Structures are given as structure tokens and as C-alpha cells.
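Shown next, in C-alpha cells, is the structure this report addresses.
None of the figures in this text is laboratory data; all of them are computed from the coordinates on show. Remember, predicted model here, so these are calculated numbers, not experimental data. Neighbour counts run over all protein chains shown; Cβ positions are idealised from the backbone, glycine included.
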Amino acid sequence: MNPELERIAKKEGVRKEKLEKRTMEGSVVIVKNANREIEPLVIGSGLRTRVNANIGVSPTASTMEDEIKKADVAIEAGADALMDLSITKSSRIDRIRRKIIRHTSIPLGTVPIYQAIAENSIHDVTLETILKVIETQCRDGVDFMTIHSGITKNIVDGLKGGRVIPITSRGGCLIAAWMTKNNEENPLYAHFDEVLEILREYEVVISLGDALRPGSIVDASDSPQIQELMNLGRLNRAAKKAGVQCIIEGPGHVPLDQIAMNVRLQKTMCDNAPFYVLGPLVTDIALGHDHIAGAVGGAIAALHGADFLCYVTPREHLGLPDADDVREGVIASRIAAHAADIIKLGNKEKDLEMSEARRDLDWHRMFESAIDKEVKKKYSYLIDQEPCTMCGEYCALRIVKELFQ
């Protein structure tokens with residue numbers, strides 16, 4: 001066995017034989033670029049649900065320093081991975097990504113089509129342009145990449161008039177625009193083997209993007225989404241055959257009663273590959289509070305087998321998140337992930353610690369057991385008193401404690 005895999009198995013609390021079998025089958029991936037010195041992140045079946053945080057400069061807002069601060073905040077809040085979604089007309093994208101890689105020690109993902117199109121016009125982008133960006137980012141140390149290979153010309157041609165929101169994915173929209181303007185097939189689909197060749201060299205995990213994820217609960221589980229998922233299943237098998245580890249990205253806006261079905265469908269069609277979901281958001285009207293809608297959907301998705309949650313911030317659908325939004329988004333997704341892991345993995349130890357601390361009115365232990373470590377700063381005054389201001393002398397825990405002593 002690979003000594004690194006043996007060490008990871010011990011850290012994760014799983015049998016090394018089981019972990020090795022699942023990595024061979026493709027139901028578990030190990031995220032770490034061959035050129036990067038970081039702790040590998042394992043994602044997939046039988047493991048704790050992971051959380052990703054998106055950062056990145058937009059064309060109209062933010063600076064490199066802002067995004068580094070957001071990266072720090074996300075890591076402090078407990079994010080397992082980051083994605084740099086920078087898209088800007090300047091040549092800053094390389095500098096931003098390289099600084100994030102140097103500054104952080106958790107896996108970093110990117111969406112290479114952003115840079116390929118941001119630095120060229122859609123007409124000027126070629127297969128060679130895209131492959132060059134992919135190789136540059138791999139060489140820099142990017143650990144996983146969202147590649148939108150599943151959206152094809154025939155699916156795009158059939159979209160007109162069939163959806164409330166035809167395409168909500170930025171990467172998917174850019175690829176669709178390229179196909180339409182050039183009247184050609186998606187180069188990331190037509191030349192998928194060339195993409196895999198580069199990723200395999202650097203041991204980069206491919207995250208097959210869901211360009212047609214629903215942007216409205218009305219569009220959830222429709223024909224374009226399922227058509228793309230069928231393509232992703234085939235591409236996953238091609239990646240595995242080529243020796244490239246693969247994650248499948250998923251919806252999107254999905255009502256509560258369709259989430260379990262979506263997870264089961266992905267697991268069946270994609271041979272149990274790790275499932276990476278954005279949210280999913282269970283309602284379209286949580287504007288300003290979409291991190292809550294995403295946490296509700298994320299908990300249900302993870303309970304039914306989703307392995308990796310992409311956070312949603314309060315500013316989703318409103319603008320570029322600031323550092324406070326990033327923190328709120330990570331905490332909300334971590335709560336969702338942990339709530340599912342209580343059932344999936346029987347992870348109740350922390351909850352028991354919190355319950356015992358509450359029973360004893362031990363604020364030190366309560367703050368230590370909390371997912372959000374920042375809560376202690378806001379409520380530190382409680383450390384010197386027993387009951388809080390909710391009940392005061394009528395605190396049930398205090399009364400019961402005296403009764404049963």
C-alpha cells in the first residue's frame with residue numbers, strides 16, 4: 001500500500017484496505033497536486049462530508065488583498081478546500097492564483113475556462129488556448145479543476161424556451177456562448193482525452209462541471225440537466241480509464257422532495273463517484289439568506305450520499321461576498337455537513353460533549369465544542385456566570401442540577 005494512503009486512512013479512522021479499494025473504484029478521491037506540499041484531502045464514500053469555499057476577484061469589485069483575507073477567514077471557519085473563481089480582464093489572474101497557493105495549505109480548485117475567455121475574446125479562444133491555461137494552472141499547483149465537458153451543442157440548441165433560467169452556471173454560459181458563436185462542438189467534450197492527459201501528469205482531480213444545473217426550482221431535474229448528467233457519467237468512466245480521479249458536480253436549485261432522487265441518480269449514473277453539490281438551494285426566495293436555504297439542501301443531499309458541499313453565502317444572487325459573508329457561508333455548510341455525518345457516520349461525540357457541557361453550565365467547554373469558534377468572542381461575558389439571561393434564576397439546568405445532586 002502507498003504509505004501516504006496508509007497515513008490518511010489512520011487519520012480518517014477507516015481501514016486502509018477499505019480506503020484503498022474505494023480509491024481504486026473511484027468512489028473516493030485524494031485531492032493534491034503532485035507539485036504541492038500540502039496535506040491531501042480525501043473526499044468520497046464513507047468519509048466525513050467536506051466543505052468548499054469560493055473566493056476570487058470579480059471584474060468590478062475586490063482586490064487580491066481582499067481575496068487573501070477571505071481565504072484566511074474561510075480556513076479559520078473550517079473550510080476543507082478553496083476555489084479561486086477570479087475572472088478579470090487584466091493579467092492578474094495568474095498572480096492572484098499563485099499568491100493564494102503560496103499563502104494557503106488546503107487544496108485549491110479553479111475553473112480554467114474563466115481565464116481562457118477573460119484573457120481573450122470568445123472568437124479568439126481555441127482548444128490550444130484552453131489547454132495552455134489548464135497546463136499553466138496545473139504547473140502552478142492547482143489541486144482540482146472544474147471542467148465543463150458535459151454540455152454539448154445539441155443540448156444548447158434544445159434549450160431555447162424550455163427553461164425559466166436557461167443557464168445559470170458562469171462556466172456553462174461561457175462554453176455555450178463559444179459553441180454558438182463558433183458553431184462548433186464543446187472543445188472540452190470533443191478533446192476530453194487531451195485534457196485528461198495534462199491532469200494525469202500533475203495528479204490533478206477533475207471536477208466535471210454541471211453547466212446545466214438548475215437556476216430555479218422550477219427547472220430542477222429537467223431534461224437538459226439529466227442529458228448533461230448522462231454525459232458526465234460517460235466522461236467519468238473515461239477519466240477513470242485514463243488514470244484521472246474524478247468528482248461530479250451537481251445542482252443547483254432543487255426542491256426538498258427531489259434532492260434524494262438527484263443524489264441517487266448521480267451515484268447510479270456516475271458509478272458512485274464523489275458528488276459535489278452547490279447548496280442545493282431548496283427555495284428561490286431566500287434572497288439575502290441563501291446560505292440558510294443552501295444549508296437545508298446541503299444537509300439533505302449529504303444525508304443521501306453527497307460527499308462535498310460548495311458553500312453558499314448570504315450574498316448569493318446579490319453580489320461578490322465579503323469576508324463576513326464567506327465566514328457565514330462556511331459555518332452554515334459545516335453545520336449541514338455535520339448534521340448529515342451524525343447519521344451517515346454516527347459522529348455524535350462533539351454533540352455529546354456539548355450536551356454534557358450544557359448540563360454542567362460549563363461555558364468554557366460549550367465554546368470549545370461549538371462549530372463556530374467566533375461565538376466565544378461575542379458571548380465571553382458568560383464565562384463568569386452560570387445561567388444566561390434567558391431564564392436567570394429560573395434556569396432549568398441549574399434547578400435540575402440542584403435537584404439531582
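Some points to look at:
- In the stretch 237-278, a dipole from Cβ-located charges (positive for Lys and Arg, negative for Asp and Glu) runs towards its positive end, and of Met261, Phe275, Gln245 it is Gln245 whose Cα lies farthest in that direction.
- Distance between the stretch 220-236 and the stretch 291-366 - C-alpha centres, whole angstrom: 28
- Cα centre as origin, Lys/Arg/Asp/Glu Cβ charges: the stretch 23-344 dipole, Debye: 200
- Computed lengthening from Arg7 to Ala396, 0.36 nm per intervening residue step minus Cα-Cα distance: 135.5 nm
- The calculated 222 nm mean residue ellipticity attributable to helices in the chain amounts to -15000 deg cm²/dmol, summing -39500 (n - 2.57) over DSSP H runs of n ≥ 4 and dividing by all residues.
- Compared with the dominant principal axis of the Cα atoms in the chain, helix 223-241 is inclined by about 90°.
- Within the chain, Cys138, Cys173, Cys246, Cys270, Cys310, Cys388 have no other Cys Cβ under 4.7 Å of their Cβ and so lack a disulfide-compatible partner by this rule.
- In terms of the mean number of neighbouring beta-carbon atoms within 10 Å, the peptides 250-263, 341-354 order highest first as 250-263, 341-354.
- Mean Cβ count within 10 Å, highest first, over the residues of peptides 388-394, 127-133: 127-133, 388-394
- Descending Cα extents along the principal axes, the stretch 23-344, whole Å: 47, 43, 42
- Label zone at Arg15, where the point sits 7 Å out along the Cα-to-Cβ direction: the stretch 40-68 residues whose backbone N lies under 17 Å: 45-47
- Furthest towards positive pole of dipole, Leu382, Leu403, Met366, structure part the stretch 349-404, Cβ charges: Leu382
- Ranked His364, His304, His338, criterion: other C-beta atoms within 10 Å, fewest first: His364, His304, His338
- Candidates Tyr394, Ile165, Ala306 compared by Cα position along the dipole of the chain: farthest toward the positive end lies Ala306, with charges placed on Cβ.
- Taking other residues whose beta carbon is less than 12 angstrom from the beta carbon of Lys240, and scoring Lys, Arg as +1 and Asp, Glu as -1, yields +2.
- Think of each Lys and Arg Cβ as +1 and each Asp and Glu Cβ as -1; about the Cα centre, that makes the dipole of the stretch 349-404 roughly 160 debye.
- Cβ charges +1 (Lys, Arg) and -1 (Asp, Glu), total dipole of the stretch 91-240, debye: 460
- When the pairs Lys70/Lys344; Lys32/Lys373; Lys16/Lys344; Lys18/Lys373; Lys32/Lys99; Lys10/Lys32 are compared against a 22 Å limit on Cα-Cα distance, Lys70/Lys344; Lys32/Lys373; Lys18/Lys373 fall above it.
- Net +/- balance of residues flanking Val204 in space, Cβ distance below 11 Å, scoring K and R +1, D and E -1: -1
- Each peptide in 242-248, 141-147 gets a packing score, the mean of other Cβ atoms within 10 Å over its residues, and the list from highest to lowest is 141-147, 242-248.
- Cβ-based net charge around Ala332, under 14 Å, with every Lys or Arg adding one and every Asp or Glu removing one: -4
- Angle in degrees between helix 16-25 and the longest Cα principal axis of the chain, rounded to the nearest 10: 30
- Between 0 and 90°, nearest 10: helix 323-344 axis offset from the chain longest Cα axis: 80
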